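Colleague: Okay, here's the structure, questions in a sec.
Each value in this text was obtained by applying a stated rule to the coordinates, not by laboratory testing. Owing to the predicted nature of the structure, the values given are computational and were not obtained by experimental measurement. Note that each Cβ is placed from the backbone with ideal geometry, even for glycine, and that neighbours are counted across all protein chains shown.
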Amino acid sequence: MKITLLVLALLALFVLSVVLWVRLAPSDPARWHVDPATAPDPATPNFARAERVVALPPHEVRARLDAIAAAEGATVLAEDASGVTYLARTRRMRYPDYVSIRLDDAGDGTTRLQAFSRSRFGRSDMGVNAARLNRWLGKLGA
């Protein structure tokens with residue numbers, strides 16, 4: 001009986017450790033800040049891509065994206081002259097996802113936007129990344 005309780009306690013500790021690691025693991029900007037135009041697809045299907053032209057200049061698109069991301073609790077992980085990568089978290093389990101967005105001036109006050117959202121852990125994201133991109137880009141166009 002004592003051995004069974006010990007095994008259960010160790011198993012619970014292991015599960016708790018894994019959950020904490022997934023939630024608290026550091027995010028390396030050098031690894032996760034990528035150019036959506038050139039980044040290869042991950043080996044697992046837990047990602048989504050989107051592309052569109054927005055009838056606003058790049059600096060306005062960026063300001064709106066920052067506000068949309070912040071409203072959902074996402075933070076800027078890294079940025080450079082051509083784009084930004086946000087650290088977003090899933091709603092229930094708070095798993096980290098990375099949303100890299102490239103903004104290019106398309107002329108006439110428009111911006112070509114390329115987005116790449118992917119999960120760090122797991123094999124399937126159950127559509128979370130595609131839903132996030134659709135939601136963010138939908139709010140951007142509103």
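Colleague: Mind sorting Phe116, Phe14 by how few other Cβ atoms lie within 10 Å of their own Cβ, fewest first?
Modeller: Values: Phe116 26, Phe14 10.
By the 10 Å Cβ count, ascending, the order reads Phe14, Phe116.
Colleague: Also, I was wondering about something else. Have a look at Arg102, Arg89, Arg23 and tell me which one the Gaussian network model of the chain (Cα, springs below 10 Å) gives the largest fluctuation.
Modeller: Evaluated over the chain, the most mobile residue of the options is Arg23.
Colleague: On the principal axes of its Cα set, how long, how wide and how thick is segment 1-65? Give whole Å, largest value first.
Modeller: 68, 27, 21
Colleague: Another question about this same structure. With +1 on the Cβ of every Lys and Arg and -1 on the Cβ of every Asp and Glu, and nothing else charged, how large is the dipole of the chain about its Cα centre, in debye rounded to the nearest 20? Kindly include the intermediate steps, with their values, before the conclusion.
Modeller: Details: 19 positive and 14 negative charges, 171 e Å.
Result for the chain is approximately 820 debye, rounded to the nearest 20.
Colleague: Could you identify which residue out of Ser82, Ser117, Ser100 has the top mean-square fluctuation in a GNM of the chain using Cα springs shorter than 10 Å?
Modeller: The residue with the greatest mean-square fluctuation here is Ser82.
Colleague: Another question, then. Nearest 500 deg cm²/dmol is fine: what mean residue ellipticity at 222 nm does the chain get from its DSSP H runs of n ≥ 4 alone, each adding -39,500 (n - 2.57), divided by its residue count? Numbers along the way, then the final one.
Modeller: Numbers: 4 runs with 55 residues, N = 142.
Dividing the helical sum by the residues of the chain leaves -12500 deg cm²/dmol.
Colleague: What are the ³J(HN,Hα) couplings of segment 102-111, residue after residue, when phi is run through the Karplus curve with 6.51, -1.76, 1.60 and θ = phi - 60°? Round to Hz, x for glycine and proline.
Modeller: Each residue's phi maps through the Karplus curve to give 9, 10, 10, 5, 9, x, 6, x, 10, 10 Hz.
Colleague: Pop out the Kirkwood hydrodynamic radius of segment 68-142 from its pairwise C-alpha distances, inverse of mean 1/r, in Å to one decimal.
Modeller: Working: mean 1/r = 0.0764 Å⁻¹.
Across segment 68-142, the inverse of the average 1/r is 13.1 Å.
Colleague: In a Gaussian network model over the chain where Cα atoms closer than 10 Å are linked, find which of Ala81, Ala115, Ala12 has the largest mean-square fluctuation.
Modeller: Among Ala81, Ala115, Ala12, the largest mean-square fluctuation in the Gaussian network model of the chain belongs to Ala12.
Colleague: Hey, what angle do you get for helix 58-71 against the long axis of the chain, alpha-carbon based, 0 to 90 degrees rounded to 10?
Modeller: 30 degrees
Colleague: How high is the relative contact order of the chain, in percent, counting Cα pairs under 8 Å that sit 6 or more residues apart? Can you show the working numbers first?
Modeller: Working: 215 pairs, mean separation 40.7, N = 142.
Reported as a whole number, the value is 29 percent.
Colleague: Using the Karplus curve 6.51 cos²θ - 1.76 cosθ + 1.60 with θ = phi - 60°, work out ³J(HN,Hα) for each residue of segment 39-54 in order, rounded to whole Hz, and write x for Gly and Pro.
Modeller: 5, x, 5, x, 6, 9, x, 9, 8, 8, 10, 8, 8, 6, 9, 10
Colleague: For mean projected area of the Cα convex hull in nm², which listed value, (1) 11.7; (2) 7.7; (3) 9.8, comes from the coordinates shown?
Modeller: For mean projected area of the Cα convex hull in nm², the calculated option is (3).
Colleague: Still on this structure: Residue farthest toward the positive end of the dipole of segment 1-92, with Cβ of Lys/Arg at +1 and Asp/Glu at -1: which of Leu77, Leu16, Pro26?
Modeller: The listed residue farthest towards the positive side: Leu16.
Colleague: Can you list the HN-Hα couplings for segment 119-132, worked out from phi with the Karplus curve (6.51, -1.76, 1.60; θ = phi - 60°), rounded to whole Hz and with x for Gly and Pro?
Modeller: After applying 6.51 cos²θ - 1.76 cosθ + 1.60, I find 8, 7, 10, x, 9, 10, 9, 6, x, 5, 5, 5, 4, 4 Hz.
Colleague: Arrange Thr75, Thr90 by Cβ neighbour counts within 10 Å, fewest through most, would you? Let's see the in-between values first.
Modeller: On the way: Thr75 12, Thr90 17.
By the 10 Å Cβ count, ascending, the order reads Thr75, Thr90.
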